[in-house]
Amino acid sequence: MSKVKNEKLAAEGDRELEWARVNMPVLAQIRKDFERDKPLKGLTIGTALHLEKKTGILLETLAAGGAKVFCSSCNPLTTDDRVAAALAKQPNMNVFAWAGQTKDEYYSCLNSVLDGSPDIVIDDGCDLIFAIHEKRKELLKKIIGGCEETTTGVIRLKAMQKDGALKFPVIAVNNAYSKYLFDNRFGTAQSTLDAISRATNKLIAGKTIVVAGYGWCGRGIASRARGLGANVIVVETAGTLGEHESGYHRALEALYEGFRVMSMDEAAGLGDIFITATGNKNIIDKQHLQKMKTGTILANAGHFNNEINEEALNSLAKGKREIKENVDAYELKSGKTLYLLSEGRLVNLARPSGQGHPIEIMDGSFAVQALSVKFLVDNRGKLKPGVTSVPTETDNLVARLALESQGIKLSPPTKEQAEYANSWKEGT
Ligand code: ADE
């Protein structure tokens, strides 16, 4: 019972899946354990994740653990139709996803996942969990818990929790060190720059690249763009972000990293390529678009397509046309032309130029997901509704397995060193 674009793409999808499978050693190890122990036997898992080859290997791992899987994408543009077709052929797999969905199709696919009546949900951006709480409340009593993949989703979940609206435990997979330190930083950096290069085929070296947002994703993008020879400007916003972080700290960190730092008002007229990665809206607004040079390229690497104000772009334009795949040319009334990549949606995932993070990165992130699902099952009925952390042992295990999969084995501290690390009496 699946709905995909073209079942005939399955053979191609199988080849994509095979390539991901042989390059995801951490998930392979977990899969072996799942196959033996069947920890998910009798359970249904509903997912809203960017449906591409690496995600396919996570879904296979869950199915190997005994689960019935219902999956959709978490974005209308990010499904790899070949992979969706291949997964739809597998036992215990129900797929509702294709690339280029309308908004209605997107939400109807989420609904189809929920029609499977999940015990556990895995979300990326919180749309699925939000839909359960808003429209499918009858499912709440059956749900053991959920997992959330991304920063934006965790922020939404915490806001739900603050309002007393979140009715089951959700593990903030994003907040595990073995996820955000690597996925958000190195993963987003490579996948974003890869996607911009694929879409435009333009040289990065020598360009002025403006990176908006210096969270983990922005840090990664700025650093790798510099490595490719770009002049990088970092844009941050005044204000507090949490207990120990603010836009001021982030801006200062970027400055000490050697980047130019300024406001978007100042940067707007200087950049050749703009990349937003803030998790907030209208970061590039009408007054910024008006200042931009002709030929400027606009890309978004944040979860939602609201970081670049597309309405403002439309209001300034006399016409828009798809000049090449993933690139829309906006001809402004002022005579300038601006180029928007992938409709302002996640540039690193919107197909075909966006292919998601590198395989090794997603091996780690999805290993955290698989083990978090098992943790929810093992602790069924014991966790309170609300956002909860990935257990430290899981976090450490994934980092260790990822290292070992690269042939690196660390030696433990000596007994003397372990004692010293825990003592408060001995000084020098
Ligand atoms: N592939 C699948 N999910 C992804 C994500 N959240 N980020 C990058 N690549 C992905």
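Here are a few things to note about the model shown:
- Hits in region 144-190 - residues which are surrounded by fewer than 22 Cβ atoms within 10 Å (Cβ to Cβ), of a type in the set (A, V, I, L, M, F, W, C) and free of Cβ contacts under 8 Å to residues at least 40 places away in the same chain: 159, 160, 165, 181
- Scanning region 143-171 for residues that are touching a Lys or Arg at 6+ places or on another chain (Cβ under 9 Å) and of a type in the set (Lys, Arg) yields a single hit, 167.
- When restricted to residues that are of a type in the set (A, V, I, L, M) and closer than 19 Å to residue 376 by Cα, region 1-53 contains 7.
- Of all the criteria given as (1) closer than 26 Å to residue 155 by Cβ; (2) more than 16 Å from the ligand (Cβ to nearest atom); (3) modelled with pLDDT under 95, the one not satisfied by residue 385 is (3).
- Residues (in a helix (DSSP H, G or I) and surrounded by 17 or more Cβ atoms within 10 Å (Cβ to Cβ)) located in region 267-290: 267, 288, 289
- Note on region 191-218: residues that are crowded, with 24+ Cβ neighbours inside 10 Å and more than 14 Å from the ligand (Cβ to nearest atom) amount to 8.
This table checks each residue for (1) modelled with pLDDT of 95 or more; (2) in contact with a Ser or Thr (Cβ under 9 Å, 6 or more places away or on another chain).
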position: 356; (1), (2): yes, yes
position: 359; (1), (2): yes, no
position: 378; (1), (2): yes, no
position: 395; (1), (2): yes, yes
position: 426; (1), (2): no, no
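- Considering residues of region 357-378 that are within 9 Å of the ligand (Cβ to nearest atom) and touching a Gly at 6+ places or on another chain (Cβ under 6 Å) only, the residue farthest from residue 175 (Cα to Cα): 357
- Any pair with Cβ under 9 angstrom, 6 or more apart, that starts in region 47-76 at a residue that is open to solvent by 10 Å² or more (accessible area, probe 1.4 Å) and ends at one that is within 11 Å of the ligand (Cβ to nearest atom) and in a strand (DSSP E or B): 50/346; 70/47
- Any chance residue 345 is open to solvent by 30 Å² or more (accessible area, probe 1.4 Å), under 20 Å from residue 273 (Cβ atoms), within 15 Å of the ligand (Cβ to nearest atom) and touching a residue at least 60 places away in the same chain (Cβ under 8 Å): yes
- Condition check for residue 68 on (1) within 13 Å of the ligand (Cβ to nearest atom); (2) touching a Ser or Thr at 6+ places or on another chain (Cβ under 9 Å); (3) basic (Lys, Arg): one failure, at (1).
- Among the residues of region 31-38, none qualifies, meaning not one is in contact (Cβ under 8 Å) with a residue 60 or more places away in the chain, in contact with a Lys or Arg (Cβ under 7 Å, 6 or more places away or on another chain) and open to solvent by less than 50 Å² (accessible area, probe 1.4 Å).
The values are calculated or read from the model by the stated rules, or taken from the named source; none is laboratory data. Worth saying up front: this structure is predicted, and the values here are computed from it rather than measured. Positions of Cβ are backbone-derived with ideal geometry, glycine not excepted, and every protein chain shown enters the neighbour counts. These area figures cover heavy atoms from the full protein model, side chains too; ligands, DNA and RNA do not enter into them. Shrake-Rupley method; radii C 1.70, N 1.55, O 1.52, S 1.80 Å.
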